[in-house]
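Working notes, beginning with the structure itself.
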2 protein chains.
Amino acid sequence: MVTLAEVAQHAGVSASTVSYVLSGKRSISGATRQRVEQSIRELGYHPNAGARALASSRSNIIALMVPLRTDMYVPVMMEIAIAVATTARLHGYDVLLLTGEEGPDAVRRVTGSGLADAMILMDVELADERLPLLRGTDQPSVLIGLPADTTGLTCVDLDFGATGALCVEHLAKLGHHDIAVIGEAPAVYERHTGFAERTLDGLRSRARELDLRVLHRPCEGGYDAMAVTLARIFDERPGTTGFVVQNESAVEPLLALLRQQGRAVPEDVSVVAVCPDQVATQASVRLTSVAIPAQEMGRYAVEHLVAKLDGRGSDEVVLIAPELTVRASTGPAPSAS
Amino acid sequence: MVTLAEVAQHAGVSASTVSYVLSGKRSISGATRQRVEQSIRELGYHPNAGARALASSRSNIIALMVPLRTDMYVPVMMEIAIAVATTARLHGYDVLLLTGEEGPDAVRRVTGSGLADAMILMDVELADERLPLLRGTDQPSVLIGLPADTTGLTCVDLDFGATGALCVEHLAKLGHHDIAVIGEAPAVYERHTGFAERTLDGLRSRARELDLRVLHRPCEGGYDAMAVTLARIFDERPGTTGFVVQNESAVEPLLALLRQQGRAVPEDVSVVAVCPDQVATQASVRLTSVAIPAQEMGRYAVEHLVAKLDGRGSDEVVLIAPELTVRASTGPAPSAS
DNA sequence: ATAGGTTGTCGAAGCGCTTCGACACTTTCT
DNA sequence: AGAAAGTGTCGAAGCGCTTCGACAACCTAT
């Protein structure tokens, strides 16, 4: 293992000079810098992370807490994680992967031990147990998701309220009057993650303004659950012609069942999904959808943290404006054609 | 920030005694131990990770290199990552998330800086650039996947050869003679990740023994690509009654297209998939499948590393025996009924 | 020519922990 | 009873780095 001191000796300078070449915190003459850099290369020097962390009280690590569940939104989570890791590297940070399993203890452990300089939390609940801890520390953090009380916190999320509104507007413009919303599994609502409710609220209030009828049904993923849900919907509102789906694992079953019942998409029935683009484009019908901007959220989270660690930036809540992409699953309402 | 010294003072012992209470590396009397533990609790002490790493040259971190691609096997990757993180915590390790992006440089950086004590590599190619580096260091590592040359390496993977054989045996037992294999996208084969080829080899050689005909077609995911592929298959081998699919994003399109063509599953055509259980059970037909044991691989990788770091364990290649679960997508061949 | 300001480099202290050898004390064996 | 072995604790060194103050050496303005 090559040390700073060896590099210094090799280059004929003092250790501190090498350190300053590395960090750029003091000016170094061109000649010295080149000599040192040359030595670093020749010796294959890598600064020791532990020593660095100890001396500078900076680990250059960002902790990312992902949910333990692997049953929901997996691609989104993964995409966020990758975006976080990639962006972090761009800024000289590494990423520590924590699972939600440990809960608040993980937060305590990480902040207490100086393992990480900052944290990103995913899968935030409305009254998340970890929030008081975050407020009580001076370690920067970003939530991906929106808790009930955001005072003193930085959050980023898709504007799900606007997303709901956008979906219903699109359907309204096409002449649909009876809208069914197929939501996440009941468990998601019970967990109070918030995003599902926000979508619904946004959607309902816009629907009221536009004078549309909305029927909301939570739904487990899979074909069997979807079949039951769909039957109930058409039973209660036979005139339903517009669907908004916010449940990845219900998308394909819905399309299959509609097809099976002889309801053509988009001729008889229109479907708008709230899902990652990949799901929307790989479905059996290319879906009109509002994308979940996973990459953008991950990137934003890291960049905000880096700014804060550099002494810039402040607390804020950023809601990303939804974008609706029209594909092949929505069209004029049958009565309007 | 509470330090070891403060704990020591509070408990009325020396710093080294506290350290030994924490590590258990020397015997400590019950009374002292309790006093120290009490102080730790009262002060809310957390050992500083950097100092610890520096003094002990152990970071208690395991690096996990995940592929950058988010287009393939995402749920499997995620499941492995979660299993790795969970198992690591059980053994007192944290997990550093690296993306494949940096390639061999990441390996150099991590081993050089002592950021991590060990590494787990996913998405290993047959002649992976990172292998020479791993062989040239004394830092333990585990590959999830199988390169061409495994000398001096520890690897864990599903036994894809046996998997292929198992699929074809199952179909043979049901009386199918003409088997079509729908593989990964051509890019996967070109990348030489090995697993796809191994499945195919195992499948083909067993098919030869059982006197079956096999037609292999790589396939991009999605409906359009699948439609083309399927048409070609039935064109070339109209008598095909058995399918083996090793491509998550081809599964649902295949089922939909078969249905659309009036070929009932499993009455007219049987389908065996190689995919995570979640995909198999959530598909429109509950699929007979060989599961990809993501959790098991993740857990094994960590446990092997921990053993190695503790001075136990040695290099070895572990191939996990495939298990075929019969569900609703396979049945007797039509001619045999 | 001299005070004042820059610029580039160095030495030393110290970050918080682990670990080694030493040492006092107790127990066990002959 | 004395030597040998085991127990529990301490002090000090040192892990590899950052950072602060000091200080030559040089440049500019007067």
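Set side by side, the residues B:Glu79, B:Glu37, B:Glu6, B:Glu42 differ, and just one is open to solvent by 30 Å² or more (accessible area, probe 1.4 Å), within 30 Å of B:Arg191 (Cβ to Cβ) and either part of a helix (DSSP H, G or I) or more than 11 Å from DNA strand C (Cβ to nearest atom) (or both), which is B:Glu79.
Taken together, the criteria exclude B:Asp128 from residues that are open to solvent by 10 Å² or more (accessible area, probe 1.4 Å) and at pLDDT 95 or above. Might you check whether a residue that is within 10 Å of DNA strand C (Cβ to nearest atom), assigned to a helix (DSSP H, G or I) and open to solvent by 30 Å² or more (accessible area, probe 1.4 Å) occurs anywhere in region B:55-71? Checked region B:55-71: at least one residue is within 10 Å of DNA strand C (Cβ to nearest atom), assigned to a helix (DSSP H, G or I) and open to solvent by 30 Å² or more (accessible area, probe 1.4 Å). Just to be sure before I move on: is B:Thr111 surrounded by fewer than 18 Cβ atoms within 10 Å (Cβ to Cβ) and within 14 Å of DNA strand D (Cβ to nearest atom) in the structure I sent? Judged against the criteria, B:Thr111 is not a match.
Only one entry of A:Leu68, A:Leu96, A:Leu126 meets the criterion of being assigned by TED's automatic domain parsing to the domain that holds A:Leu305 and over 30 Å from A:Val245 (Cβ atoms), and that entry is A:Leu96. Quick one: how many residues across region B:43-68 are more than 8 Å from chain A (Cβ to nearest Cβ) and under 15 Å from the mean Cα position of the chain (by Cα)? The number of residues fulfilling the criteria is 3. Among residues that are surrounded by fewer than 23 Cβ atoms within 10 Å (Cβ to Cβ) and in a helix (DSSP H, G or I), A:Leu133 is included. Counting only residues that are touching a residue at least 60 places away in the same chain (Cβ under 8 Å) and either among the β-branched types (Val, Ile, Thr) or open to solvent by 30 Å² or more (accessible area, probe 1.4 Å) (or both), region B:250-265 holds 1 of them.
Taken over region B:293-310, the residue count meeting the criterion of being open to solvent by 10 Å² or more (accessible area, probe 1.4 Å), within 13 Å of chain A (Cβ to nearest Cβ) and in contact with a strand residue (DSSP E or B) (Cβ under 7 Å, 6 or more places away or on another chain) is 0. Number of residues in region B:164-180 that are within 24 Å of B:Tyr223 (Cβ to Cβ) and open to solvent by 10 Å² or more (accessible area, probe 1.4 Å) equals 1. Would you mind stating whether B:Ala116 is assigned by TED's automatic domain parsing to the domain that holds B:Gly298, at pLDDT 95 or above and in contact with a helix residue (DSSP H, G or I) (Cβ under 6 Å, 6 or more places away or on another chain)? Judged against the criteria, B:Ala116 is a match. Condition test on A:Tyr189, is it hydroxyl-bearing (Ser, Thr, Tyr) and away from every other protein chain (no Cβ under 13 Å)? So A:Tyr189 passes the test.
Among the residues of region B:211-233, those identified as part of a helix (DSSP H, G or I) and either within 14 Å of chain A (Cβ to nearest Cβ) or surrounded by 15 or more Cβ atoms within 10 Å (Cβ to Cβ) (or both) are B:Tyr223, B:Asp224, B:Ala225, B:Met226, B:Ala227, B:Thr229, B:Leu230, B:Ile233.
For region B:21-34, which residues satisfy the criterion of being more than 13 Å from DNA strand C (Cβ to nearest atom) and either within 14 Å of chain A (Cβ to nearest Cβ) or basic (Lys, Arg) (or both)? The answer is B:Arg33, and nothing else. Filtered by the rule that a residue be closer than 20 Å to B:Ala106 by Cβ and near DNA strand D (Cβ under 7 Å from one of its atoms), region A:4-44 gives a lone residue, A:Leu22.
Contact map, region B:12-30: first residue free of Cβ contacts under 8 Å to residues at least 60 places away in the same chain and among the small types (Gly, Ala, Ser), second residue more than 6 Å from DNA strand D (Cβ to nearest atom) and part of a helix (DSSP H, G or I), Cβ cut-off under 7 Å, separation 6 or more or different chains; pairs are B:Ser14/B:Ala8; B:Ala15/B:Leu4; B:Ala15/B:Ala5; B:Ala15/B:Ala8; B:Ser19/B:Leu4. Answer yes if at least one residue in region B:93-108 is within 10 Å of chain A (Cβ to nearest Cβ), more than 24 Å from B:Thr150 (Cβ to Cβ) and basic (Lys, Arg), and no otherwise. Within region B:93-108, not a single residue is within 10 Å of chain A (Cβ to nearest Cβ), more than 24 Å from B:Thr150 (Cβ to Cβ) and basic (Lys, Arg).
The values are calculated or read from the model by the stated rules, or taken from the named source; none is laboratory data. Owing to the predicted nature of the structure, the values given are computational and were not obtained by experimental measurement. All Cβ positions, glycine included, derive from the backbone under ideal geometry; neighbour counts span all protein chains shown. Ligands, DNA and RNA are excluded from the accessible area calculation, which covers all protein heavy atoms including side chains. Shrake-Rupley method; radii C 1.70, N 1.55, O 1.52, S 1.80 Å.
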